[in-house]
Amino acid sequence: MTDFLNLLVSGVALGAQYSLVALGFVVIYRATGVINFAQGGFCVLGAYLAYNFHNTWGVPFYLALVLTALAGAGVGALVDVTVLRRFVGQPPFVVIMLTIGLLILIEQIVPSVWGADPLPLGDPWGLRTVSPGGVDIKVSDLWTVGIVAVVLAGFFAFFRFSRMGVAMRATAVDLEAAMAQGIPAHRVYRVSWSIAGLVAALAGLTLAAGGGGVRLDIELVALTAFPVIILGGLDSPGGAVAGGLLIGVAQVMSGKYQPEHATWLGQGFPIVMPYVVMIIVLLVRPYGLFGQRKVRRI
Amino acid sequence: MRRFRWRAVVALAAVVALSAAACGGRDDEGSKEPTKKGAPATTAGFDGKTITLGVITPQTGIASIIGIPLTKGGEVFFKGLNAKGGIAGKYPVELEIRDSQYNANTAQQNYSDLRNKVVMIEQILGTDVTNAVLKQMQADNMVASPATLDAEWVRDPNLLPIAAPYQIEAINGLSYWVTEGGGEGKTLCALASDDLYGEAGLDGVEFAQKDLDFKMGKVVRFAPDTSNFSSQVQQLSSGCDAVFLAALPNATLSLMGTAATSKLDVRWIGLAPTWVGLLASGATGTYLKDHFWLAAQGPEWGDVSVPGMKMMIEDQKKFAPDQKPDLYFAFGYSQAFTVAKLLEKAVERGDLSHKGIMDALNELGTVDTMGAAGSYTYGPPEDRKPPEETTIFSVDPAAADVGFLKAVKTNYISDAAKKFEFPK
Amino acid sequence: MARPGTLLVTRPEQRLRLLPTNWYKAFVILLAVVWLTVPINLSDAWLDVLARCGVAAIGAIGLNLLTGYTGQISLAHAFFIAIGAYTAAWLGVRSDLPFLLWLPATFVVGALVGALFGPFALRVRGDYLAILSIGLLYIGQHIFVNWTSFTGGRPGTSTGAPAAIGPLDFADLNLFDQAYSRRQGLFWLVWLVVAIVALLARNIVRTRPGRAMQAVRDRDVAAEVVGVSNARYTISAFALSSGLAAVAGGLYGVVALTVSPADFGGAPGLLLSVQYVAMIIIGGIGTIGGAVAGAVVVVAIPRVIEQISNSVAIPFVGPGEPISLFAFNNMIYGALVIVTLVFEPRGMVAGWERVKAYWRTWPLAD
């Protein structure tokens, strides 16, 4: 039983990391209808910025965490102002391609600045654990879950109560109608990219914390987040979190139980598992668990 | 009428172009037979003065953690050699480096680009990447030195591998554990990545099991891009006294974090590519200090009692003073050392053509790296014999000057490793 | 006979002609001459790059039929290319069928597998479909690694299938007592297939099925109302596109001599699929010529950048400088993608049309 609980806890922690990455995708998709392939690049950049704040400039860790989030938001805004704002109204396909171009650039800029070797983040969490009731929980995992909870609460409050949040919801429903109401689409986009950058930087930081290290392959987590965002529904923040937790737990569990009970599925099945879950869910619910059905017009 | 004319024009153009084509054929063989003994004839990659070698290696992307220091090691060796005049004292060496991005497709294009510009491929990194260009190399009689330790390379006529293959590393590591590490009669588990490299390691484990006194426990495989190891660590948490590990650095980082937090009390025995310096930092380093041995080639960094290491440190201080201690740098240096021996042989035979280098490889005999990576016997493919020595390292988080790796037993050859035969 | 200028289109047939103007005819002849003479004048290294461009062009034409004309977004193209490469290895290498049999058979196998995937597109739409198709890449990777009798597992399988049409063996060409290298022969072969595929694709898109596909793309429900079967054309488009991807895969095998899951599965597969999407977007979505041009640019540009930067000194770049030459090459590539899209979001073909329109109407318009 303790074994099972331990696995559940680490599945939830993994899922929380997926959720953070997925939230970034969702924010941009809601506002602009674009799947941002550079999201993984933003995560890597966030991890290295955190390294810079904490190790190079010696900022205390928790302050560095806040600064990293802000810097991430800055990166998002910068990308929007320099490149993406020229593309409002272009087909989403073109903008997706553009984000791929951005990813290629970030992939090269990061090792040019910080080198290719993995670096220690030096977070105070390290490998410390707490053990309530015999279940080992990493402190860094607790923080990750906490950050996800705060971000999700922030999302809820922002979209519900703030003027900008409501404006963003309106643009997501109908861009032209929203602009006709005097909602500044440019500002909406800039805020969306900033939020995505902020969330991605936090995701990168949590991935590098807890002994993982600041390293280039953090961006690969974005690939695992694809099934997560689809599972929850591309435009649903709550769905991103639910999907993340579901995939995280399922992946860890299948890592343990598939080799013991279902060897016929072949070696390395846990890696494929999220995609299998995704395809099954999509066939039953074509817009994910919580996604909005699109109305098809003649 | 108009239709007819347009066909005639096409036909005419075709004839013109075809007759042009008839004068533009070329053979696949790039080089001519040698003319006289002594000075090799000019050929692809050799203009009579300078020898050009190709390098196909990841210089960007995730695998550049390995590719960059590896290439640096080769460059430093050749800088040292060129300062003494070059191959055979008169032909300096130049490297044409291409960035494979660790991608099979890109590597093939790198190879096509290099094949008529270089004498041989001095270094190619990655099992998949090497496999991807091997067929083309056979067509061209090209020789390459792979930077992975797969056993399949041993008998390949086009390849010049160096150091003891993974199988031997595994056998030596386990042998050390059983004979001197208190592993006698205990249970060994294994955690191996689900690819050719993991398979090679498990081959060695299987062989060692027949020869050594230990019990075999669970064998767990994981997909190479696994990033969360909690389920694997949990599977290993009962019934294992030691765990054999075949993984790549990225996986080891995640794995050891999880193992340390779960306080998994086992003796880890890892193959060379599991290591990356970051493992020695923080709490993971404290865990590894007590629980991890690395079975890898070559002596401790800076151990000048070994002549091969002494030579490398001298060159490194002169040509790359900023270089931090790095296993891959040392590997790249030994590899370049071996390549230079092959080229010397080819110069002595008076033939630097692709075919000439292959012939030289068949006649090369034993290359002694002066303790840096063992003595490898080349010659005809069926007679080739890799070295059998492996150094067992332990982790010391305080020893930055040796790359955090302290040699426990330098150039160790176990009895079991001597018995291992590579399939002919 | 005085003919109306090309600016004035009075009948729809004019737009639908295969070669609407004499300029087109001249252009086709020029292409034929270039095709014949390029292998004589270029080095083997560049011919290899161009043969790979040709392979990519076939795949890109296929993807364009699906994405550009039918509006279905797929990132599973690498999966179908893999199917083609493995089928060619099975039929061409292990069963030793001749070129004219294994290549069409590869198309059929690819098309059948694609048709199986088609129904998913009827249920799952748009961006959801795009990501669903990424799933196919990972499941494909799993199958390729585990189904060793068909794929050779991780080490891969040898794919040097026969490349002879009748007496002409393109892999070892001898014409008029003149021997040609393998890379010269393969250039001719690959681009011959590109020409045939482009012609077929153009004929499909300018006739009824093509118009039906575009109707499905623009207004699927409306198309259904006027009697264009959504299911039929979506599934056909998937079959056609995967079939062409498989042909590209088969030819890729001939050029590469060996393939493994490292070429097409999982993350490398996603990279390859994304490159194909890049080809049709940068070339010009919904045009056959755009797919070909995009393929040439996307595949060849990294090599061109490599050659140029190897011979030019650039400040802050190089050994000992902050930016390595290799990182710089990739940066330029990324920047080129962005800059191209900033100046011409609808691709190179749209840019070309603009230039053409400017000169045709000069000096009347600006």
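Values for this structure:
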quantity: With all protein chains modelled, accessible area of B:E389 [1.4 Å, Å²]; calculated: 40
quantity: Surface accessible to a 1.4 Å probe, per residue, for the residues of region C:20-265, Å²; calculated: 35
quantity: Qualifying aspartates and glutamates (Cα of each under 13 Å from Cα of B:K215; at least 8 residues distant if same chain); calculated: B:E184, B:E206, B:D241
quantity: Solvent exposure ordering (accessible area, 1.4 Å, most first) of A:E176, A:E219, B:E344; calculated: A:E176, B:E344, A:E219
quantity: Average beta-carbon neighbours from other chains, 10 Å sphere, peptide A:87-99; calculated: 5
quantity: Simple label model, 7 Å out from Cα along Cβ direction - C:F27 to C:W352, nm; calculated: 0.5
quantity: Between region B:166-187 and region A:1-43, the Cα center-to-center distance that results, in Å; calculated: 41
quantity: Shielding by partners, peptide A:224-230 (average Cβ within 10 angstrom, other chains); calculated: 4
quantity: Fraction of the pair-distance distribution of the protein assembly as shown above 42 Å, Cα-Cα pairs, percent; calculated: 41
quantity: Kirkwood hydrodynamic radius (C-alpha pairs) into Stokes-Einstein, chain B, 10 °C and 1.306 mPa s, D in µm²/s; calculated: 70
quantity: Rounded to the nearest 20 debye, dipole of chain A from Cβ charges on Lys, Arg, Asp, Glu; calculated: 1060
quantity: Prolate/oblate/rounded call for chain A, Cα gyration tensor, a/c under 1.5 rounded; calculated: oblate
quantity: Computed FRET value (nearest 0.05) for B:Q138 with B:K90, which takes r as the C-beta separation and R₀ as 35 Å; calculated: 0.65
quantity: Where a label projected 7 Å from the Cα of B:K263 along Cα→Cβ would reach, residues of region A:138-155 with amide N under 15 Å; calculated: A:138-139
quantity: Considering only the protein assembly as shown, percent of DSSP beta bridges that pair antiparallel, nearest 5; calculated: 45
quantity: Accessible surface, region A:1-155, averaged per residue in Å² (probe 1.4 Å); calculated: 35
quantity: A:T129 accessible area, assembled protein chains, probe 1.4 Å, Å²; calculated: 40
quantity: Residue-level accessible surface for B:W301, protein heavy atoms, 1.4 Å, Å²; calculated: 40
quantity: Largest to smallest accessible area among B:R267, A:R169 [probe 1.4 Å]; calculated: A:R169, B:R267
quantity: Gyration tensor verdict on region C:19-153 (Cα atoms; rounded if a/c is under 1.5, prolate if a/b is larger than b/c, oblate otherwise); calculated: oblate
quantity: Rounded FRET efficiency, nearest 0.05, which uses the C-beta distance separating A:Q90 from B:K215 and R0 of 51 Å; calculated: 0.20
quantity: Chains A and B, summed buried accessible surface - 1.4 Å probe, Å², nearest 100; calculated: 2400
quantity: Listed residues C:T148, B:T50 arranged by accessible area, highest first, probe 1.4 Å; calculated: C:T148, B:T50
quantity: Region B:60-115-region C:103-119 distance, computed between alpha-carbon centres (Å); calculated: 42
quantity: Two-site label geometry, C:V34 and A:F4: point separation in nm, points 7 Å out along Cα→Cβ; calculated: 6.7
quantity: Neighbouring partner chain Cβ atoms per residue of C:129-138, average, 10 Å criterion; calculated: 6
quantity: Estimated FRET transfer efficiency (B:S305, B:K117; beta-carbon r; R0 35 Å; 0.05); calculated: 0.30
quantity: Region B:281-333: radius of gyration over Cα atoms, expressed as a fraction of 2.2 N^0.38 Å; calculated: 1.34
quantity: Cα centroid separation - region A:241-285 against region B:127-152, whole Å; calculated: 36
quantity: Dipole magnitude (debye, nearest 20) for chain B, charges at Cβ of Lys, Arg, Asp, Glu; calculated: 1440
quantity: Distance between modelled label sites at A:E176 and B:N82, nm, 7 Å Cα→Cβ extension; calculated: 6.4
quantity: Antiparallel bridges, percent of DSSP beta bridges restricted to chain B (to nearest 5); calculated: 35
quantity: Residues of type aspartates and glutamates that C:K356 reaches as a straight line, Cα spacing below 20 Å, ignoring anything fewer than 8 places off in the same chain; calculated: C:E344, C:D366
quantity: Candidate lysines - alpha carbon under 20 Å from B:K424, same-chain residues fewer than 8 apart omitted; calculated: B:K135, B:K385
quantity: Rounded, prolate or oblate (a/c below 1.5 giving rounded, otherwise prolate when a/b exceeds b/c) for region C:20-265 by Cα gyration tensor; calculated: oblate
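The values are calculated or read from the model by the stated rules, or taken from the named source; none is laboratory data. Note that this is a predicted model, so its numbers are computed, not measured. Positions of Cβ are generated from backbone atoms using ideal geometry, with glycine treated the same way; all protein chains shown enter the neighbour counts. Side chains included, ligands, DNA and RNA excluded: accessible areas come from the protein's heavy atoms. Shrake-Rupley method; radii C 1.70, N 1.55, O 1.52, S 1.80 Å.
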